[in-house]
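The structure appears below as C-alpha coordinates.
The values are calculated or read from the model by the stated rules, or taken from the named source; none is laboratory data. Just so it is clear, the model here is predicted, and its values are computed rather than measured. Every residue, glycine as well, gets a Cβ built from its backbone with ideal geometry; the counts of neighbours run over all protein chains shown. These area figures cover heavy atoms from the full protein model, side chains too; ligands, DNA and RNA do not enter into them. Shrake-Rupley method; radii C 1.70, N 1.55, O 1.52, S 1.80 Å.
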Amino acid sequence: GAGVSQSPSNKVTEKGKDVELRCDPISGHTALYWYRQSLGQGLEFLIYFQGNSAPDKSGLPSDRFSAERTGGSVSTLTIQRTQQEDSAVYLCASSLAARTNTGELFFGEGSRLTVL
Amino acid sequence: AQKITQTQPGMFVQEKEAVTLDCTYDTSDPSYGLFWYKQPSSGEMIFLIYQGSYDQQNATEGRYSLNFQKARKSANLVISASQLGDSAMYFCAMREVERAGKSTFGDGTTLTVKP
(Lines give C-alpha, C1' and ligand atoms only; values in the text may rest on other atoms or scores of the structure.)
Protein backbone atom coordinates (compact mmCIF):
# COMPACT_ATOMS: atom_id res chain seq x y z
CA GLY A 1 0.00 0.00 0.00
CA ALA A 2 0.93 3.63 -0.28
CA GLY A 3 0.32 4.57 3.35
CA VAL A 4 2.28 4.20 6.58
CA SER A 5 2.29 0.57 7.59
CA GLN A 6 2.64 -0.60 11.18
CA SER A 7 2.97 -4.09 12.57
CA PRO A 8 1.76 -5.84 14.54
CA SER A 9 -1.65 -4.20 14.76
CA ASN A 10 -2.21 -5.89 18.11
CA LYS A 11 0.28 -7.32 20.56
CA VAL A 12 -0.44 -8.96 23.89
CA THR A 13 2.56 -9.75 26.01
CA GLU A 14 3.45 -10.68 29.53
CA LYS A 15 5.06 -8.26 31.92
CA GLY A 16 8.83 -8.41 31.65
CA LYS A 17 8.96 -9.51 28.02
CA ASP A 18 10.54 -7.44 25.25
CA VAL A 19 8.49 -6.25 22.29
CA GLU A 20 9.34 -4.80 18.90
CA LEU A 21 6.99 -2.58 16.93
CA ARG A 22 7.66 -1.89 13.29
CA CYS A 23 6.87 1.10 11.11
CA ASP A 24 7.25 1.29 7.35
CA PRO A 25 6.82 4.93 6.30
CA ILE A 26 5.68 6.28 2.97
CA SER A 27 8.48 5.99 0.44
CA GLY A 28 10.55 9.16 0.24
CA HIS A 29 9.37 10.59 3.54
CA THR A 30 12.39 11.86 5.43
CA ALA A 31 10.72 12.55 8.77
CA LEU A 32 9.40 9.77 11.01
CA TYR A 33 7.77 10.02 14.41
CA TRP A 34 6.69 7.63 17.13
CA TYR A 35 3.87 8.65 19.47
CA ARG A 36 2.13 6.84 22.30
CA GLN A 37 -1.57 7.26 22.98
CA SER A 38 -3.38 5.88 26.01
CA LEU A 39 -7.13 5.31 25.81
CA GLY A 40 -8.96 8.58 25.21
CA GLN A 41 -5.83 10.62 25.78
CA GLY A 42 -3.61 12.84 23.67
CA LEU A 43 -0.47 12.01 21.76
CA GLU A 44 2.68 11.54 23.79
CA PHE A 45 5.76 12.23 21.68
CA LEU A 46 8.42 9.54 21.90
CA ILE A 47 11.05 10.01 19.21
CA TYR A 48 11.63 11.89 15.96
CA PHE A 49 13.88 10.91 13.08
CA GLN A 50 14.71 13.53 10.47
CA GLY A 51 16.82 12.51 7.51
CA ASN A 52 20.35 11.58 8.51
CA SER A 53 20.38 13.77 11.61
CA ALA A 54 20.66 12.36 15.10
CA PRO A 55 17.17 11.47 16.33
CA ASP A 56 15.35 13.55 18.90
CA LYS A 57 14.89 11.05 21.72
CA SER A 58 13.65 13.56 24.25
CA GLY A 59 10.25 11.90 24.61
CA LEU A 60 11.36 8.37 25.42
CA PRO A 61 9.98 7.69 28.93
CA SER A 62 12.78 5.44 30.16
CA ASP A 63 15.87 3.57 29.04
CA ARG A 64 13.67 0.55 28.42
CA PHE A 65 12.53 2.30 25.26
CA SER A 66 14.70 2.57 22.17
CA ALA A 67 14.16 3.07 18.46
CA GLU A 68 16.17 2.85 15.32
CA ARG A 69 15.63 3.67 11.71
CA THR A 70 17.56 1.64 9.20
CA GLY A 71 18.53 3.06 5.85
CA GLY A 72 16.36 6.09 6.38
CA SER A 73 13.24 4.00 5.95
CA VAL A 74 11.82 1.32 8.25
CA SER A 75 11.84 2.05 11.97
CA THR A 76 11.61 -0.30 14.92
CA LEU A 77 10.52 0.75 18.40
CA THR A 78 11.74 -1.66 21.07
CA ILE A 79 10.39 -1.83 24.60
CA GLN A 80 12.42 -3.97 26.97
CA ARG A 81 11.09 -5.57 30.14
CA THR A 82 7.57 -4.35 29.45
CA GLN A 83 5.44 -3.01 32.29
CA GLN A 84 1.67 -2.74 32.52
CA GLU A 85 1.87 1.04 32.19
CA ASP A 86 3.37 0.53 28.72
CA SER A 87 -0.05 -0.62 27.50
CA ALA A 88 -1.18 1.87 24.86
CA VAL A 89 -1.50 2.42 21.14
CA TYR A 90 1.81 3.24 19.53
CA LEU A 91 1.40 5.45 16.49
CA CYS A 92 3.96 6.01 13.77
CA ALA A 93 3.80 8.96 11.40
CA SER A 94 5.91 10.20 8.52
CA SER A 95 6.09 13.33 6.43
CA LEU A 96 7.68 14.33 3.18
CA ALA A 97 9.40 17.53 4.11
CA ALA A 98 12.02 17.78 6.80
CA ARG A 99 13.28 21.14 8.06
CA THR A 100 10.17 23.03 7.15
CA ASN A 101 6.92 24.31 8.56
CA THR A 102 4.80 22.68 5.87
CA GLY A 103 3.76 19.12 5.21
CA GLU A 104 1.21 17.24 7.23
CA LEU A 105 1.93 14.00 9.02
CA PHE A 106 0.65 10.73 7.62
CA PHE A 107 -0.20 8.28 10.36
CA GLY A 108 -0.28 4.53 10.45
CA GLU A 109 -3.14 2.68 12.06
CA GLY A 110 -1.14 2.06 15.19
CA SER A 111 0.05 -0.93 17.17
CA ARG A 112 -2.07 -1.69 20.22
CA LEU A 113 0.11 -3.09 22.98
CA THR A 114 -1.39 -4.84 25.98
CA VAL A 115 0.90 -5.89 28.79
CA LEU A 116 -0.64 -8.44 31.15
CA ALA B 1 5.64 25.88 28.98
CA GLN B 2 3.26 23.91 26.82
CA LYS B 3 3.65 24.87 23.21
CA ILE B 4 0.15 23.92 22.07
CA THR B 5 -2.81 24.47 24.39
CA GLN B 6 -6.30 23.17 23.79
CA THR B 7 -8.40 24.33 26.72
CA GLN B 8 -11.58 22.43 25.87
CA PRO B 9 -11.34 18.75 26.83
CA GLY B 10 -14.88 18.16 25.57
CA MET B 11 -17.36 20.07 23.45
CA PHE B 12 -20.96 19.46 22.41
CA VAL B 13 -22.71 20.89 19.38
CA GLN B 14 -26.12 20.42 17.84
CA GLU B 15 -26.22 18.89 14.37
CA LYS B 16 -26.14 21.52 11.60
CA GLU B 17 -24.74 24.20 13.89
CA ALA B 18 -21.22 25.65 13.76
CA VAL B 19 -18.62 24.98 16.43
CA THR B 20 -15.24 26.51 17.27
CA LEU B 21 -12.44 24.46 18.79
CA ASP B 22 -9.78 26.57 20.49
CA CYS B 23 -6.03 26.31 20.06
CA THR B 24 -3.30 28.62 21.31
CA TYR B 25 0.39 28.15 20.71
CA ASP B 26 3.72 29.43 21.87
CA THR B 27 6.78 29.84 19.69
CA SER B 28 9.64 32.23 19.01
CA ASP B 29 10.20 30.80 15.55
CA PRO B 30 8.97 33.24 12.88
CA SER B 31 8.38 30.35 10.49
CA TYR B 32 5.90 27.76 11.65
CA GLY B 33 2.88 25.86 10.46
CA LEU B 34 -0.33 25.04 12.26
CA PHE B 35 -2.32 21.88 11.60
CA TRP B 36 -5.57 20.32 12.70
CA TYR B 37 -6.15 16.57 12.75
CA LYS B 38 -9.27 14.53 13.41
CA GLN B 39 -9.26 11.17 15.18
CA PRO B 40 -12.58 9.28 15.03
CA SER B 41 -13.30 6.44 17.41
CA SER B 42 -11.81 4.05 14.86
CA GLY B 43 -8.42 5.53 15.72
CA GLU B 44 -6.98 6.73 12.44
CA MET B 45 -5.58 10.27 12.36
CA ILE B 46 -6.91 12.41 9.53
CA PHE B 47 -5.32 15.67 8.43
CA LEU B 48 -7.90 18.45 8.10
CA ILE B 49 -6.32 21.84 7.47
CA TYR B 50 -3.03 23.76 7.43
CA GLN B 51 -2.11 27.39 8.09
CA GLY B 52 1.36 28.83 7.51
CA SER B 53 2.68 31.59 9.73
CA TYR B 54 3.18 33.88 6.74
CA ASP B 55 -0.20 33.21 5.18
CA GLN B 56 -2.25 36.37 4.97
CA GLN B 57 -5.61 34.70 4.65
CA ASN B 58 -7.30 32.16 6.87
CA ALA B 59 -7.20 28.64 5.52
CA THR B 60 -10.41 26.94 4.45
CA GLU B 61 -11.14 23.36 3.42
CA GLY B 62 -14.79 22.66 2.74
CA ARG B 63 -16.66 22.93 6.06
CA TYR B 64 -13.42 23.53 7.94
CA SER B 65 -11.83 26.92 8.40
CA LEU B 66 -9.00 28.08 10.56
CA ASN B 67 -9.39 31.36 12.44
CA PHE B 68 -5.75 32.46 12.57
CA GLN B 69 -4.98 35.37 14.88
CA LYS B 70 -1.21 35.68 14.78
CA ALA B 71 -0.83 38.44 17.35
CA ARG B 72 -2.86 36.45 19.85
CA LYS B 73 -1.12 33.20 18.86
CA SER B 74 -4.37 31.42 18.31
CA ALA B 75 -5.46 29.04 15.57
CA ASN B 76 -9.03 28.03 16.23
CA LEU B 77 -10.78 25.45 14.07
CA VAL B 78 -14.29 26.32 12.91
CA ILE B 79 -16.54 23.52 11.69
CA SER B 80 -19.64 24.76 9.94
CA ALA B 81 -22.90 22.81 9.60
CA SER B 82 -21.83 20.05 11.99
CA GLN B 83 -22.62 16.47 11.05
CA LEU B 84 -22.91 13.39 13.22
CA GLY B 85 -19.75 12.08 11.56
CA ASP B 86 -17.82 15.02 12.95
CA SER B 87 -17.93 13.44 16.40
CA ALA B 88 -14.28 12.70 17.11
CA MET B 89 -11.19 13.90 18.91
CA TYR B 90 -9.51 16.91 17.33
CA PHE B 91 -5.85 17.76 17.70
CA CYS B 92 -4.09 21.04 17.02
CA ALA B 93 -0.40 20.75 16.06
CA MET B 94 2.48 23.05 15.22
CA ARG B 95 5.57 22.48 13.13
CA GLU B 96 8.58 24.78 13.59
CA VAL B 97 11.49 25.23 11.23
CA GLU B 98 13.87 26.05 14.11
CA ARG B 99 13.07 22.68 15.66
CA ALA B 100 14.02 20.86 12.48
CA GLY B 101 10.42 20.57 11.42
CA LYS B 102 9.36 18.63 14.50
CA SER B 103 5.60 18.56 15.09
CA THR B 104 4.12 19.24 18.53
CA PHE B 105 0.54 18.29 19.42
CA GLY B 106 -2.00 19.63 21.88
CA ASP B 107 -3.93 17.37 24.25
CA GLY B 108 -6.98 17.30 22.01
CA THR B 109 -10.67 18.20 22.22
CA THR B 110 -13.41 15.59 22.08
CA LEU B 111 -16.32 16.87 20.00
CA THR B 112 -19.74 15.27 20.25
CA VAL B 113 -22.39 16.21 17.71
CA LYS B 114 -25.94 15.76 19.00
CA PRO B 115 -28.79 14.85 16.64
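Taking the Cα centre of chain A as the origin, how large is its charge dipole in debye, to the nearest 20, when only Lys and Arg (+1) and Asp and Glu (-1) carry charge on their Cβ atoms? Before the final figure, lay out the partial values.
Numbers: 11 positive and 12 negative charges, 19 e Å.
Using Cβ point charges on Lys, Arg, Asp and Glu, chain A gives about 80 debye.
Hey, any idea what the orientation-averaged projected area of the convex hull of chain B's Cα atoms comes to, in nm²?
Working: hull surface 27.7 nm².
Reported value for the Cα convex hull: 6.9 nm².
Average projected area of the Cα convex hull of the protein assembly as shown, in nm²?
Values: hull surface 51.2 nm².
In nm², the orientation-averaged hull projection of the protein assembly as shown is 12.8.
Would you list A:T78, A:T102 from the most to the least accessible area, probe 1.4 Å?
Largest accessible area first, the residues go A:T102, A:T78.
Please give the residues from region A:100-114 for which the solvent-accessible area of heavy atoms, probe 1.4 Å, is smaller by at least 20 Å² with all protein chains in place than with the chain isolated.
Hits at the 20 Å² cut-off: A:T100, A:N101, A:T102, A:G103, A:E104, A:L105, A:F107.
Show B:M94, B:M11 ordered by accessible area, largest first, where the area counts protein heavy atoms only and the probe is 1.4 Å. Before the final figure, lay out the partial values.
Numbers: B:M94 0, B:M11 45 Å².
Greatest to least solvent exposure: B:M11, B:M94.
May I ask you to give the solvent-accessible area per residue for region B:1-111, in square angstrom, as obtained with a 1.4 angstrom probe? Can you show the working numbers first?
Details: 5030 Å² over 111 residues.
That works out to 45 Å² per residue.
Can you tell me how much longer the chain between B:Q83 and B:D26 gets when fully stretched, taken as 0.36 nm per residue apart minus their C-alpha distance, in nm with one decimal?
On the way: separation 57, 0.36 × 57 = 20.52 nm, distance 3.13 nm.
Gain on extension, B:Q83 to B:D26, equals 17.4 nm.
When you count, for each residue, the other Cβ atoms within 10 Å and take the mean per peptide, how do B:102-112, A:6-16 rank with the highest first?
On the way: B:102-112: 20.4, A:6-16: 13.6.
Descending packing order for the listed peptides: B:102-112, A:6-16.
Along each of the three principal axes of the Cα atoms of chain A, give the extent in whole Å, ordering the values from largest to smallest.
40, 28, 26
Share of antiparallel DSSP beta bridges in chain B, in percent to the nearest 5? Provide the component values of the computation, followed by the final result.
On the way: 34 of 39 bridges.
The antiparallel proportion sits near 85 percent.
Using only protein heavy atoms and a 1.4 Å probe, how much accessible area in total is buried between B and A, to the nearest 100 Å²? Numbers along the way, then the final one.
Values: alone 6190 and 6510 Å², together 10960 Å².
The summed interface area works out to 1700 Å².
State the number of lysine pairs found in chain B whose Cα atoms come within less than 18 Å, restricting to pairs 8 or more positions apart or on distinct chains. Please list the in-between numbers first.
Details: B:K3/B:K70; B:K3/B:K73; B:K3/B:K102; B:K16/B:K114; B:K38/B:K114.
Close lysine pairs found across chain B: 5.
What does the charge count near B:R63 come to, summing +1 for each Lys or Arg and -1 for each Asp or Glu among other residues with Cβ under 14 Å from its Cβ? Don't jump to the answer; show the numbers that get you there.
Values: positive: B:K16, B:K38; negative: B:E15, B:E17, B:E61, B:D86.
Charge balance in the 14 Å sphere: -2.
Using +1 on the beta carbon of Lys and Arg, -1 on that of Asp and Glu, and nothing else charged, what's the dipole of the protein assembly as shown about the Cα centre, debye to 20? Working shown, then result.
On the way: 22 positive and 24 negative charges, 21 e Å.
Using only the charged Cβ atoms, the result is roughly 100 debye.
What is the spin-label model distance, in nm, from A:E14 to A:A2 if the labels are put 7 Å beyond Cα along the C-beta direction?
In this crude spin-label approximation the distance works out to 4.5 nm.
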